[in-house]
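Visitor: Below is a structure I'd like to ask you about.
The values are calculated or read from the model by the stated rules, or taken from the named source; none is laboratory data. Worth saying up front: this structure is predicted, and the values here are computed from it rather than measured. For neighbour counting, all protein chains shown are included, and Cβ atoms are generated from backbone atoms with ideal geometry for every residue, glycine included. Each accessible area value is taken on the protein alone, full model and side chains, heavy atoms only, with ligands, DNA and RNA left out. Shrake-Rupley method; radii C 1.70, N 1.55, O 1.52, S 1.80 Å.
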Amino acid sequence: MHLLVVEDDPRLGPLLRRLLEGDRHVVELATDGPSGLELAEGVQGLDAVVLDIGLPRLSGLDVARRLRDGGSRLPILMLTARDTVGDSVTGLDAGADDYLVKPFAYQELAARLRALARRSSDVPARAGTTLSAGEIKLDERLRRVTVDGRPVELSPREFALLECLLRHPDQVLSRDQLLDLAWPAGVAVTPNAVDAYVHYLREKLGRAAHRVETVRGVGYRMRASAASA
């Protein structure tokens, strides 16, 4: 999953990021309300937000309310240090989908996030969602890819790989992360399969192939900003 953690505790935030990345998630970290709101609204492909209720400059409650007022359906797991019914209800009323009281076991946080992901996967995707990077356009609803307006025929696995890269623009994704995100669960494949499909994908993207960059020793990223061929 691609997750946003908004937590101002200087030890807990980096710890959660490290543990979640160890479970092969892609993690963004913000340490106050305004930056968390900016990332939640601006980063493509987020799957869920872990949101502390007691943030500086803008509370987690206000962040959740603004996201919901703006039409966001992003799943929100609220963290609170206060074990009271009132705080839990307030968080849910603000738009959170679930809450967790500090201190908590990491395994419980991971289980709550998996449950949120299952619930959100049952919600129909918004019609007409388009992902893009420069000349590359991917229409999720029509499952169509174009480069400079020219249709590009991709296999289901090539399409899933491209979609994954476009959902995480300018972010380096390891081969293991790409396997986890773009291949069905339980399919026995090796990281070498990622290299092979990146090669196939680049061939089909033609002049836009340079946007799929190799990060030596790590993996790949989709260059969304201007880049030279």
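Visitor: Which of the residues belonging to the range 73-104 are hydroxyl-bearing (Ser, Thr, Tyr) and modelled with pLDDT under 85?
Guide: The answer is Thr84, Ser88, Thr90.
Visitor: Regarding Asp98, is this residue touching a Lys or Arg at 6+ places or on another chain (Cβ under 7 Å), open to solvent by 10 Å² or more (accessible area, probe 1.4 Å) and free of Cβ contacts under 8 Å to residues at least 24 places away in the same chain?
Guide: yes
Visitor: Look through the range 145-160, keep the residues that are assigned to a helix (DSSP H, G or I) and open to solvent by 40 Å² or more (accessible area, probe 1.4 Å), and return whichever of them is modelled with the highest pLDDT.
Guide: Arg157
Visitor: Moving to a separate point now. Pull up the range 188-214, narrow it to residues that are outside any helix (DSSP H, G or I) and modelled with pLDDT of 95 or more, then point me to the one that is nearest to Ala160 (Cα to Cα).
Guide: Val212
Visitor: Which ones in the range 27-54 are open to solvent by 30 Å² or more (accessible area, probe 1.4 Å) and not in a strand (DSSP E or B)?
Guide: Thr31, Pro34, Ser35, Glu38, Leu39, Glu41, Gly42, Val43, Gln44, Asp47, Gly54
Visitor: Here's another thing I want to ask about it. Condition first: open to solvent by 80 Å² or more (accessible area, probe 1.4 Å), in a helix (DSSP H, G or I) and either modelled with pLDDT of 90 or more or under 30 Å from Arg207 (Cβ atoms) (or both). Now tell me which residues in the range 105-143 satisfy that.
Guide: Passing the criteria: only Gln107.
Visitor: Also: Here is a list: Arg24, Arg57, Arg18. Which entry is in a loop (DSSP other than H, G, I, E, B) and under 17 Å from the mean Cα position of the chain (by Cα)?
Guide: Result: Arg24 is the single residue among Arg24, Arg57, Arg18 that is in a loop (DSSP other than H, G, I, E, B) and under 17 Å from the mean Cα position of the chain (by Cα).
Visitor: Right, another one. Only residues in the range 155-173 that are over 16 Å from Pro191 (Cβ atoms) count as the first member; pair them with residues that are basic (Lys, Arg) and open to solvent by 30 Å² or more (accessible area, probe 1.4 Å), Cβ under 7 angstrom, at least 6 apart or cross-chain, and list the lot.
Guide: Pairs that qualify, where the first residue is over 16 Å from Pro191 (Cβ atoms) and the partner is basic (Lys, Arg) and open to solvent by 30 Å² or more (accessible area, probe 1.4 Å), are Glu158/Lys204; Phe159/Arg143; Asp170/Arg221; Asp170/Arg223; Gln171/Arg221.
Visitor: If you don't mind, another one. Exactly one of (1) surrounded by 13 or more Cβ atoms within 10 Å (Cβ to Cβ); (2) part of a loop (DSSP other than H, G, I, E, B) is unmet by Glu163. Its number?
Guide: All conditions pass for Glu163, except number (2).
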